[in-house]
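Derivation of every value follows stated rules applied to the coordinates shown; laboratory data play no part. Just so it is clear, the model here is predicted, and its values are computed rather than measured. Positions of Cβ are backbone-derived with ideal geometry, glycine not excepted, and every protein chain shown enters the neighbour counts.
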Amino acid sequence: QVQVVESGGGLVQPGGSLRLSCAASGTISNIYRMAWYRQAPGKERELVARIVSEDNIYYADSVKGRFIISRDNKKTMAYLQMNNLVVEDTAVYYCRFDRPGTPYWGPGTQVTVSS
């Protein structure tokens, strides 16, 4: 079993930055993909960024050039650096670690962008 926990959310003004962290614990072998999703009030959960390897990274169009996903070499930590935040980035952000055939989700962390 894998436990996943996000941290680093909070309230930030438009134009500001936040760095989200995601820690995995438990039986963490065979993790091959890590991703960040978000869900805004009244909207469906959407994929924000995903990393399989340093040369296999995906970003949603809405965050390209502003967000950066990264991970540690042991694949136990994932990060999301969020820059130039806008009000539309307000959402609960979820981390997801994938083993072949099995996703593991964290409980989420709230990010609020407001002046």
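Can you give me the Cα centroid spacing of the stretch 1-64 and the stretch 87-115 in angstrom? Centre-to-centre distance over Cα atoms comes out at 5 Å. Sparse packing (at most 16 other Cβ atoms within 10 Å of the Cβ) combined with a DSSP loop state is found for the following trypsin sites (Lys or Arg not before Pro) in the stretch 1-91: Lys43, Arg45, Lys64, Arg66, Lys74. Electrostatic bookkeeping for Asn56 treats Lys and Arg as +1 and Asp and Glu as -1; over the other residues with beta carbon under 14 Å from its beta carbon, the sum is +1. Rounded to two decimals, the Cα radius of gyration of the stretch 1-70 over 2.2 N^0.38 Å is 1.22.
Rounded to whole Å and sorted largest first, what semi-axes of the equivalent ellipsoid does the C-alpha gyration tensor of the stretch 65-115 yield via the square root of 5 times each eigenvalue?
24, 14, 8
Each Lys and Arg Cβ is given +1 and each Asp and Glu Cβ -1; about its Cα centre, the stretch 1-63 then shows a dipole of about 160 debye.
Other residues with beta-carbon under 13 Å from the beta-carbon of Asn30 carry, at +1 per Lys or Arg and -1 per Asp or Glu, a net charge of +3. Where the convex hull is taken over the Cα atoms of the stretch 28-115, what is its projected area averaged over directions, in nm²? In nm², the orientation-averaged hull projection of the stretch 28-115 is 6.1.
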